[in-house]
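The structure under discussion appears below in the form of structure tokens.
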Amino acid sequence: MQRQIVPDVVSEQTLVGLAPTASVLEAASMMRDRHIGAILVMDQGKLLGIFTERDMVCRVVAERLDPETTVLRDVMTPDPDTLTPNQQAGEALEMMGRRGYRHLPVVRDGDVIGIVSVRDLFAAVRSELEEEVQTREAFMFDTGYG
């Protein structure tokens, strides 16, 4: 069985989003407090972008911008690629690897319902592979004389 994004990777999440006018400092504080690596940038429920740890390093720190006065609109990744709930974890992992992403929003009918990280996807694929190995071992070593 191949794992799908929903419900196998994303089941219940409290989405973390900020307005495009929020400061990088606000985003960094929220990321620290919630132990997450990305923030959705939203306006009235609409996904505008994503702000990640990589964005912070490359677009804020490396450019010597002030995190207190720099707003997310200016440093986010706008219009990010997204995943659908029925996409398979392996397919999503392949896309993320090919395009260099570590986080992607999950969207259903235009509404953001979650966000997945490469770590989430690796865990789902690993679990799937472990189950497959157990099933094959049970089939191969079950003699039926038990």
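Throughout, read-outs are computed from the coordinates displayed, never taken from laboratory work. Computed from a predicted structure; not experimentally measured. A quick note on method: Cβ atoms are made from the backbone with ideal geometry, for glycine too, and the neighbour counts reach across all protein chains shown.
Would you compute, for the Cα atoms of segment 88-146, the largest minus smallest coordinate along each principal axis and list the three values in descending order, in whole Å?
Cα extents, longest axis first: 54, 25, 14 Å.
Over all distinct Cα pairs, what is the inverse of the mean 1/r for the chain, reported as the Kirkwood hydrodynamic radius in Å?
Numbers: mean 1/r = 0.0598 Å⁻¹.
For the chain, inverting the mean 1/r across all distinct Cα pairs yields 16.7 Å.
Once phi is turned into θ = phi - 60°, what whole-Hz ³J(HN,Hα) does the Karplus curve with 6.51, -1.76 and 1.60 give for every residue of segment 96-102, x standing for Gly and Pro?
These are the phi-based 3J(HN,Hα) values: 5, x, 5, 9, x, 8, 10 Hz.
Taking the Cα centre of segment 59-146 as origin, sum charge times position over the Cβ atoms of Lys and Arg (+1) and Asp and Glu (-1), and report the length of that vector in debye to the nearest 20. List each step's numbers first, then the result.
Working: 10 positive and 17 negative charges, 62 e Å.
For segment 59-146, the charge dipole is close to 300 debye.
Please give the Cα centre distance for segment 101-115 versus segment 50-95, rounded to the nearest Å.
Computed from Cα coordinates, the inter-centre distance equals 12 Å.
Relative contact order (percent) for the chain, with alpha-carbon contacts under 8 angstrom and 6 or more residues of separation?
On the way: 204 pairs, mean separation 39.4, N = 146.
Relative contact order comes out at 27 percent.
Rounded to whole Hz and in sequence order, give me ³J(HN,Hα) for segment 74-83 from the Karplus expression 6.51 cos²θ - 1.76 cosθ + 1.60, θ = phi - 60°, writing x for Gly and Pro.
Per-residue couplings from phi come out as 7, 10, 6, 8, x, 6, x, 4, 9, 10 Hz.
Can you list the GluC sites (Glu not before Pro) in segment 62-146 that are in a DSSP coil and have 13 or fewer other beta carbons within 10 angstrom? Present the calculation step by step, with values, prior to reporting the outcome.
Values: sites: Glu63, Glu68, Glu91, Glu94, Glu128, Glu130, Glu131, Glu132, Glu137; in loops: Glu63, Glu68.
In loop regions of segment 62-146 (DSSP not H, G, I, E or B), the sparsely surrounded GluC sites (Glu not before Pro) are Glu63, Glu68.
By average Cβ neighbour count within 10 Å, what is the ranking of 100-108, 28-36 from highest down?
Working: 100-108: 18.2, 28-36: 12.4.
Result, highest mean Cβ count within 10 Å first: 100-108, 28-36.
Over the alpha carbons of segment 8-67, what is the largest minus smallest coordinate on each principal axis, giving the biggest first in Å?
39, 24, 17
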